[in-house]
Each structure stands twice: as structure tokens, then as C-alpha cells.
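Please read the structure below before turning to the comments.
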Amino acid sequence: MTTFVRPDDSRLAWPGAISLKRTSEWVAPWRLPVESLQLYPFEELHEQAEKPAGVRVTFRSNARSLICHFQPVPADSPARLDLTARGTLLGSVALAGSDRAEFSELPPGEKLLEVWLPQNQALRLTGFELEEGATLAPRIEERSRRWITYGSSITQCQGADSPARTWPALVARKANLNLTCLGFSGQCHIEPMLARLIRDQPADLISLCLGINVQGGSSLSMRTFRPAVLGFASIVRERHRSAPLALISPIYSPERESTANAAGLTLEIMREEIRAAVEALRGLGDEHVYYVDGLELLGEEEDHLLPDHLHPNQQGYELMAERFLEKVLPRLT
């Protein structure tokens, strides 16, 4: 016999989700407010926000096995579901063509379980199944710092091996951070409404990975790029006045380094523009904003970790996490 837990059970928490879409049958986490999607155009952004990168379903239990139920996932999906406890990865299950994922031989005793949802597939959870007699209790609010990171596909990490192994997830698990990942593949265009969203979320530290989608989409120009960065950071600062704030320029991408896009921007220019924006903010007294050169995270010597010369492979994401922990996080403490 087993115990079935509905996805709307109040003992379940959904850290990393901005909102939850609920029906009588399922719950789906979103990384945008579903009640006001019209304020966050376009459909391409919605498609990425429906993919729950960095979102976990968490609860305390002494269960030795766990079955996660969800609406069927397409047979060609690369999605996986991960389970961790105290930051340790207990298991990873491929979801393609399935409507359930089973984890067994869990450690004995009560533990905080975190089910990491796919970073590359929308998912509608229909429930959880525990063995009969297993306990279920809400997570105890921890003192772990709340970290919001905003960026592009390089932050969403759709190509990572599994959701707990994206670079933000690796950093969060290692440093005991409560992660909210606002990486949107192809959709990081430094939009004011995203700045307002970050402003209105609880946060102890914030990182903004800016530039690569703007360069790829020619969505801002030399005239508008630095003002957009300054405006975005200033909106975030309206409520997070002293939270450590890192502005991170693009990692290496050979075809984009010195070749201008239709708006005249190269990655080399954009790094200097972001640096200048940070210097302006610091010059006006913001001592808690920092510039991070993306080449410190992945530079030219790591081009072999960029299969398409843009997106890191799993080894690249792991190196990004290692270097973020080493080079960036100490500035944000």
C-alpha cells in the first residue's frame, strides 16, 4: 500500500517558482506571474517561463521511496527529474514518454527532499506517492540566502545533463542558496518588467547575466544598451537597496567577440558598456554592485567546452559553477 499526495497539498513547497497554475488535476510551476502574462510579451518568453528551471518541490519525509506523477511527457523530450537531500543528488530519472518517475533506496530517517523539475520541459505535476506509513511534513524555513539569477539560455541551461546539474543549481547546492532562476533561453533582453519582477521578489543576493541575447537579436543599440542596463539595475535597487548585485557580461563566443551585429554591438563592446554602467552606479555611492567579466567564467581557452561556440556542455556548466563559487560568490557575501 502507498499514500498518494495531491500536488496542491499545503505541506509541499515550490521554491524557485514565481507562480503556480492550478487545475483540479494538476499543478504547473511558472517562472512568470501567470495571472499577468500579458505584461510579459512574447509567446517565446512564455514558452521558456513554463519550463521550471531551478524550481523544486520540497518537503520533509522519512520515505525510503518516492514516485512522482505528472501528465505524459513527449517521447522525444530530453527532460529529467532529479531528487536531492541536503544538496546531495540521490537520483535522476529520464521522463521521455512517461508519466511517472520513481526513486528508491532513499536514506533512512527524516530528510528534506527536493524534487528538481526539468529545466527544458514544461511539467504538470499530478501528485506524489509515498510508501504507507511514511511521514510528510512541510520544509522548515532555513536561513539559506535567497539568490535570484537572471539571464539567457546560458543561465537556463537547457542542455545540462539534468536540472540539479545546471550551473546555478550546482552553485546553489554547494553554497546552500535558495535559488530562483530567471534564465530564459533567447529571451534575456533587459526588459523593464523583468526588472520589476526581480525587484518584487525576496532576495539576499542577485546576479544579472546580460548581453548575449541582445547581441544575437540586435534588440538594443550602442545608444540604448548601457541605459537599459542602468535602468534595469536601478529598478531592482528600488527595493533591494543594499543586496549584493553582480552584473555579469557575456562568456566567450568566438563568432560574436569582434563581429558587430546589425545594431553595431560586439561582445567586446558590450563588456565595456556593462563595466561602465557598474562604474557609474558605484560612482554614485552603490558600494554593493559589482562587475564580473564573463570571460572569468568561461574564456577563449574554454572554447572546446562550447560545442556550438555559444552554449557550454555539461563540463562547461560545471566549470562555470566552480568559477562562480570561487570568483563571484565571495564578492556577494
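For Leu177, tell me the accessible area in Å² from a 1.4 Å probe, rounded to the nearest 10.
In the full protein context, Leu177 sits at about 10 Å².
Comparing Asp76, Asp293, Asp161, which has the greatest mean-square fluctuation in the GNM of the chain with Cα pairs linked when under 10 Å apart?
The residue that fluctuates most here is Asp76.
Keeping to pairs on different chains or 8 or more places apart, tell me how many lysine pairs in the chain have Cα atoms under 26 Å apart.
4
For the stretch 226-312, what class follows from the C-alpha gyration tensor (a ≥ b ≥ c being the square roots of its eigenvalues): rounded when a/c is under 1.5, otherwise prolate if a/b is larger than b/c, else oblate?
In terms of gyration-tensor shape, prolate.
Under the 0.36 nm per residue contour assumption, what length would be gained going from the current alpha-carbon distance of Ser104 and Leu37 to full extension?
20.3 nm
So how do Leu297, Leu284 rank on accessible area, 1.4 Å probe, biggest first, that is with the largest at the start?
Leu284, Leu297
What is the calculated FRET efficiency for Arg282 to Thr2, with r their C-beta to C-beta distance and R₀ = 41 Å, to the nearest 0.05?
According to the calculation, E is roughly 0.15.
Label-point separation (nm) for Lys21 and Leu325, each offset 7 Å from Cα along Cα-to-Cβ?
3.5
Using a 1.4 Å probe on the protein heavy atoms, what percent of the accessible area of the chain belongs to carbon and sulfur?
Carbon and sulfur together cover 48 percent of it.
Where Lys and Arg each count +1 and Asp and Glu each count -1, what net charge lies around Arg237 among other residues with Cβ under 10 Å from its Cβ?
Its environment carries a net charge of +1.
First select every other residue whose beta carbon is under 13 angstrom from the beta carbon of Leu37; then total the charges, Lys and Arg +1, Asp and Glu -1.
-3
Expressed as a whole number of Å, what is the distance separating the alpha-carbon centroids of the stretch 145-166 and the stretch 1-47?
Rounded to whole Å, the Cα centres lie 18 Å apart.
So what's the convex hull volume per residue for the Cα atoms of the stretch 152-243, in Å³?
90
What shape does the stretch 1-82 have by the C-alpha gyration tensor, where a ≥ b ≥ c are the square roots of the eigenvalues, rounded means a/c under 1.5, and otherwise prolate means a/b greater than b/c and oblate the rest?
Prolate, since a/c reaches 1.5 and a/b exceeds b/c.
Tally the DSSP beta bridges in the chain and give the antiparallel ones as a percent, rounded to 5.
Just about 65 percent of them are antiparallel.
To the nearest µm²/s, what D does Stokes-Einstein give for the stretch 78-217 at 25 °C and 0.890 mPa s, using the Kirkwood radius over alpha carbon pairs as Rh?
For the chosen part, D equals 147 µm²/s.
Taking the chain as a Gaussian network, where each spring joins two C-alpha atoms under 10 Å apart, which residue of Gly216, Gly127, Gly97 fluctuates the most?
Greatest mean-square fluctuation among the candidates belongs to Gly97.
Which distance in Å, rounded to a whole number, links the C-alpha centroids of the stretch 176-204 and the stretch 86-102?
26
Excluding Arg226 itself, calculate the net charge of residues whose Cβ lies under 11 Å from the Cβ of Arg226, where each Lys or Arg counts +1 and each Asp or Glu counts -1.
Overall, the nearby charge balance is -1.
Rank Thr180, Thr155, Thr58 by mean-square fluctuation in a GNM of the chain with C-alpha springs under 10 angstrom and give only the top-ranked residue.
Fluctuation is largest for Thr58.
Taking the simple approach of a point 7 Å from Cα along Cα-to-Cβ for both Arg86 and Glu44, what is their distance in nm?
Taking the two extended label points, one gets 4.5 nm.
Determine the shape class of the stretch 159-318: with a ≥ b ≥ c the square roots of the Cα gyration tensor eigenvalues, call it rounded for a/c under 1.5, and otherwise prolate if a/b is greater than b/c, oblate otherwise.
Taking the square roots of the gyration eigenvalues as a ≥ b ≥ c, the stretch 159-318 is oblate.
Which order do Thr333, Thr259 take when ranked by solvent-accessible area (1.4 Å probe, heavy atoms of all protein chains), largest first?
Thr333, Thr259
The values are calculated or read from the model by the stated rules, or taken from the named source; none is laboratory data. Just so it is clear, the model here is predicted, and its values are computed rather than measured. As a convention, Cβ positions derive from the backbone with ideal geometry for all residues, glycine included, and neighbour counts pool all protein chains shown. The accessibility values were calculated without ligands, DNA or RNA, using every heavy atom of the protein model including side chains. Shrake-Rupley method; radii C 1.70, N 1.55, O 1.52, S 1.80 Å.
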